[in-house]
Amino acid sequence: MKQLIVLGNGFDRACKLKSSYSDFFLARFKKIFGSGKEEFKTLEDMANVLERKRSSIICDIGRTKSNINFFPAEDHDCDYFKANSYKWSDDTSLNRWDVIFLFAQLCIGKDVQLYECRT
């Protein structure tokens with residue numbers, strides 16, 4: 001007798017495990033961008049913190065760009081993450097993907113449910 005059992009997306013959720021994208025990003029963003037004083041229960045609770053962080057990152061990148069490009073026609077290459085990441089978080093585990101996903105929320109939409117897989 002041959003039997004194939006596929007345990008896929010949904011098994012963890014049915015077991016009430018906190019394993020959704022929202023859960024992951026909430027835990028990750030709390031770790032790298034939270035001050036530790038606030039207790040955020042959802043990404044929506046962190047909305048102001050995340051918006052301030054995005055603004056800070058954009059400003060830092062803009063300042064770095066203007067410091068290396070002295071003339072409008074110049075386009076010097078720069079590793080903006082390497083040049084500025086120490087300002088964005090005290091957590092040394094901050095990586096480029098954290099920044100990408102921080103901004104992806106804006107591109108995908110404010111509704112964190114859009115991160116969830118639909119089957």
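The numbers here are math on the coordinates, done by the rules we state, and not lab data. For clarity, every value in this text was computed on a predicted model and none was experimentally measured. Every residue, glycine as well, gets a Cβ built from its backbone with ideal geometry; the counts of neighbours run over all protein chains shown.
Fully extending the segment from residue 61 to residue 14, taken as 0.36 nm per residue of separation minus the present Cα-Cα distance, adds 12.7 nm. Taking other C-beta atoms within 10 angstrom as a stand-in for reagent exposure, 39, 44 fall in the order 39, 44, fewest first. Look at 37, 65, 30 and count the other Cβ atoms within 10 Å of each Cβ; fewest to most, that gives 37, 65, 30.
Of 41/82; 16/53; 18/53, which ones are farther than 28 Å apart at the Cα? The answer is 41/82; 16/53.
If the chain linking residue 77 and residue 38 were pulled fully straight, counting 0.36 nm for each residue of separation and taking away their Cα-Cα distance, it would gain 10.2 nm. The slack between residue 106 and residue 27, meaning 0.36 nm per residue of separation minus the straight C-alpha distance, is 26.6 nm. Arranged from fewest to most other beta-carbon atoms within 10 Å of their beta carbon, 60, 98, 77 become 77, 60, 98.
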